[in-house]
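Have a look at the structure below before the remarks.
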Number of protein chains: 2
Amino acid sequence: MRVPQHLVDRRREELRSLIRRDGFLPVAEICRRLGVSEATARRDLVAVEANGHITRTYGGALADYNSAFASLDERSGRARPAKARIAEKAVAQIPRSGTIFLDAGTTIQAVARALTHRRDLTHLVVATNSLAAASVLAGAAGVELHVVGGMFLNRQAALMGTRAVRALEDWSFDAAFLSGEGMDDAGVSNSHESIAEFQRAVLHQTDNIYFCLDASKLGRSTPHRVAPWKQLTALVTDALPKQLTTHGIELSSRKHLRA
Amino acid sequence: MRVPQHLVDRRREELRSLIRRDGFLPVAEICRRLGVSEATARRDLVAVEANGHITRTYGGALADYNSAFASLDERSGRARPAKARIAEKAVAQIPRSGTIFLDAGTTIQAVARALTHRRDLTHLVVATNSLAAASVLAGAAGVELHVVGGMFLNRQAALMGTRAVRALEDWSFDAAFLSGEGMDDAGVSNSHESIAEFQRAVLHQTDNIYFCLDASKLGRSTPHRVAPWKQLTALVTDALPKQLTTHGIELSSRKHLRA
DNA sequence: CGTTATATGATTGAGGTCAATCATATCTTT
DNA sequence: AAAGATATGATTGACCTCAATCATATAACG
């Protein structure tokens, strides 16, 4: 009765995608669709659940709500502790009330998650174009959550484009927390034009600009420049000041750096 | 053993708020928290569910539109096959390309899910204010997904408010698929002012208006009227025409009804 | 105050899910 | 080619949820 391993793997991949597509899949349905017994269906469920983004429930399995945005799960990846430290520092800059903007990206998603741990928020208005950040902040105490509309970009799980830029005109932010893919002597940069353009639009509406980048972005130059150093209120990073200077990044003021 | 009526009512109100707060409440937990037997807990659940916005599931009860359980909510209860049938009919009205709007609500979420089963879409622009629908449609083949920004309402997992209404001004839809909580002789209605207001704004930008309601909404009147029958292109429902007329709902044209 | 209505808890049985066990076929490894 | 490993399906019993039923205490009502 044994079946080749690669067929098992393929069947489980199919099971995962079936669950993702249907949202919920009863065990009986799995048996029918995959042509296996209940026992095997359950065993497959255990295996698929262990790989993440699927939750077993009584009677079947459920796709996690965020599974559509799984590509941007900030809890995975090597830079996780670094991101958590950065998020900690960034959240410390957020007042109890006011209006802030949260960008897309895994680092900022970590900021959003850290923000939910704050128990002292009175009435903080948070706007974001990141659906991942939004799903993290949904229902957070003391937070009035707004989503800046726009075209959905699958890769970032974020909303961008001309409609997003136009929607920003309505806003005025006390602070914005942005991510970048590179920082060098010239400032912060990103690899996609649409992202850079959107971020520049955010800068126009914002008093205090915090860029959050982990040390791996050090000295890296990506095509689309977003902001020069002077424009930043602070750079939030886990890199040491010495590392920054050796990479040719000038530190005009101690205030600009929260490492 | 009988308990005063006002105490029963108060206990059920508390139960409702407990469910709303926790999103999901197992029966055992209800017994513990309210100090009643399982039998009473179930009876209370039946009563609370009848009053709306709560859905019983195997093992407990679920607050409607809870984002964390969006998928589970959609498939839960005996209304699932009805919703699936409605979704099937609604999706049949959607062309291969064009621009459509999808509302919030579990019925429309089912429409979104059914839409992902369509394999013939060439370039369909879908705008929505529902994050649940967005997460379903994220990455769907042939779909350009847009999210209409606004204030996030936790209960609906949707975006509403003045910013959402204003964002609609940019749009022109070939068709819109909307949900309602009641339909009677006067037309379709909803129980929340913000929802009704938003839906009215959608109507202004839309050529063909499809309201999707299951038969349980029949003859039910909720406070905020959204649209009279004349304004609809079609009502998509699983109720029989005879049922509609006996509930005092006029059928001006066969074309208006896809049951 | 007496009668009626009903909210409650206990019990029962039906229906369903699930983990554990076991024999078996067959893939995998040596 | 032989031995070992393992994926599978059938079976079993435990466990849980739930609706229905019943007796009872007590609120509600005339």
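The values are calculated or read from the model by the stated rules, or taken from the named source; none is laboratory data. Keep in mind that what you see is a predicted model, and the values were worked out from it rather than measured. No Cβ is skipped: glycine too gets one built from the backbone with ideal geometry, and neighbour counts run over all protein chains shown. Each accessible area value is taken on the protein alone, full model and side chains, heavy atoms only, with ligands, DNA and RNA left out. Shrake-Rupley method; radii C 1.70, N 1.55, O 1.52, S 1.80 Å.
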Would you check which residues across the stretch A:10-23 are open to solvent by 20 Å² or more (accessible area, probe 1.4 Å) and within 18 Å of residue B:132 (Cβ to Cβ) and list them? A:20, A:21, A:22
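Table: residues versus (1) of a type outside the set (A, V, I, L, M); (2) under 20 Å from residue B:111 (Cβ atoms); (3) modelled with pLDDT of 95 or more.
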| position | (1), (2), (3) |
| --- | --- |
| B:163 | yes, no, yes |
| B:174 | yes, yes, yes |
| B:177 | yes, yes, yes |
| B:180 | yes, yes, no |
| B:185 | yes, no, no |
| B:195 | no, yes, no |
| B:202 | no, yes, yes |
| B:206 | yes, yes, yes |
Boolean, residue A:73 is farther than 25 Å from residue A:108 by Cβ, of a type outside the set (A, V, I, L, M) and either modelled with pLDDT under 75 or surrounded by 16 or more Cβ atoms within 10 Å (Cβ to Cβ) (or both): no
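Counting only residues that are touching a strand residue (DSSP E or B) at 6+ places or on another chain (Cβ under 9 Å) and not in a loop (DSSP other than H, G, I, E, B), how many does the stretch A:180-228 have?
Here the count works out to 30.
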Could you pull out the residue among B:133, B:141, B:157 that is modelled with pLDDT under 95 and in contact with a Ser or Thr (Cβ under 7 Å, 6 or more places away or on another chain)? B:157
Which of the residues that make up the stretch A:33-42 are under 15 Å from residue A:19 (Cβ atoms) and either more than 8 Å from DNA strand C (Cβ to nearest atom) or open to solvent by less than 30 Å² (accessible area, probe 1.4 Å) (or both)? A:33, A:34, A:36, A:41
Could you check the stretch A:115-129 and list, in sequence order, the residues that are within 11 Å of another protein chain (Cβ to nearest Cβ) and either of a type outside the set (A, V, I, L, M) or part of a loop (DSSP other than H, G, I, E, B) (or both)? A:128, A:129
Contacts under 8 angstrom Cβ, first residue in the stretch A:167-179 being within 21 Å of residue A:91 (Cβ to Cβ), partner among the β-branched types (Val, Ile, Thr) and surrounded by fewer than 19 Cβ atoms within 10 Å (Cβ to Cβ), 6 or more apart: A:175/A:233
Can you tell me which residue among B:167, B:138 is out of contact with any Lys or Arg (no Cβ under 8 Å at 6 or more places or on another chain) and assigned by TED's automatic domain parsing to the domain that holds residue B:101? B:138
Does the stretch B:130-145 hold any residues that are in contact with a His (Cβ under 8 Å, 6 or more places away or on another chain) and more than 8 Å from chain A (Cβ to nearest Cβ), and which are they? B:142
With the structure loaded, tell me whether residue A:48 is away from every other protein chain (no Cβ under 14 Å) and either surrounded by 14 or more Cβ atoms within 10 Å (Cβ to Cβ) or of a type in the set (Phe, Trp, Tyr) (or both) or whether it fails that test. yes
Show the residue pairs that are 6+ apart or on different chains and have beta-carbon atoms under 8 Å apart, the first residue being within the stretch B:1-15 and away from every other protein chain (no Cβ under 14 Å), the second being near DNA strand C (Cβ under 6 Å from one of its atoms). B:11/B:36
For the stretch A:1-58, give me each residue that is within 11 Å of DNA strand D (Cβ to nearest atom), part of a loop (DSSP other than H, G, I, E, B) and within 24 Å of residue B:58 (Cβ to Cβ). A:36, A:37, A:58
Which one is farthest from the other protein chains (Cβ to nearest Cβ) among residues in the stretch A:166-200 that are surrounded by 19 or more Cβ atoms within 10 Å (Cβ to Cβ) and farther than 20 Å from residue A:236 by Cβ? A:194
Answer yes or no: is there a residue in the stretch A:146-163 that is away from chain B (no Cβ under 14 Å), free of Cβ contacts under 8 Å to residues at least 60 places away in the same chain and open to solvent by 30 Å² or more (accessible area, probe 1.4 Å). no
